[in-house]
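Encoded as structure tokens, the structure appears first; notes follow it.
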Amino acid sequence: MEPRFKLALGVGIVVAATSVMAYVGASASWDYYVTVAECAARAGPLAGQRVRVSGGIEPGSLRIAADRSQARFRLQDGASTLNVVCRGPLPDNLTENAEVVVAGRLKADGQLCGDQVLTRCASKYESQRSEEGP
């Protein structure tokens, strides 16, 4: 084999492998981002697809398994609600009234089977004032 051909073949293999790895890595983050209201309005077309849904946990609906491997709650956004079942690691700050983003698959019955829960940080932080001075 000619050295130029070997070089071209090697470069081609490296480029192909890099392209495949980039596609596989990026496709995991291509979830469709919707609100609870959009999810309720388009439950049929979104069924079976991966989505990320943003909303607040409805007060009184949060149920966490003793081993923290599963949580059930209703996600709310104004007047719309969505039943959610999450399996997998849960954030320590998952509480009632928390603002969350849940990633998972939407079932035909409108329930979201989540595999990732992210809690949103408070938008305003206040520092504690020292009694000794500013």
Can you list residue pairs whose Cβ atoms sit under 6 Å apart, with the first residue in the range 57-81 being under 13 Å from ASN97 (Cα atoms) and the second being of a type in the set (Phe, Trp, Tyr)? Count only pairs 6 or more apart in sequence or on different chains.
ILE57/PHE73; SER61/PHE73; LEU62/PHE73
Pull out all pairs, ordered by first then second residue, where Cβ-Cβ is under 7 Å, the residues are six or more apart or on different chains, the first lies in the range 42-54 and is within 23 Å of CYS121 (Cα to Cα), and the second is assigned to a helix (DSSP H, G or I).
VAL51/CYS39; VAL53/VAL36; VAL53/CYS39
Cross-chain or 6+ apart pairs with Cβ under 8 Å, the range 85-111 first and in contact (Cβ under 8 Å) with a residue 60 or more places away in the chain, then assigned to a loop (DSSP other than H, G, I, E, B) and among the aliphatic types (A, V, I, L, M):
LEU106/ALA47; LYS107/ALA47; ALA108/ALA47
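Read-outs: derived from the displayed coordinates by stated rules, not from any lab. All of these numbers come straight from a predicted model, not from anything done at the bench. Please note: Cβ atoms are built from the backbone with ideal geometry, for glycine as well, and neighbour counts cover all protein chains shown.
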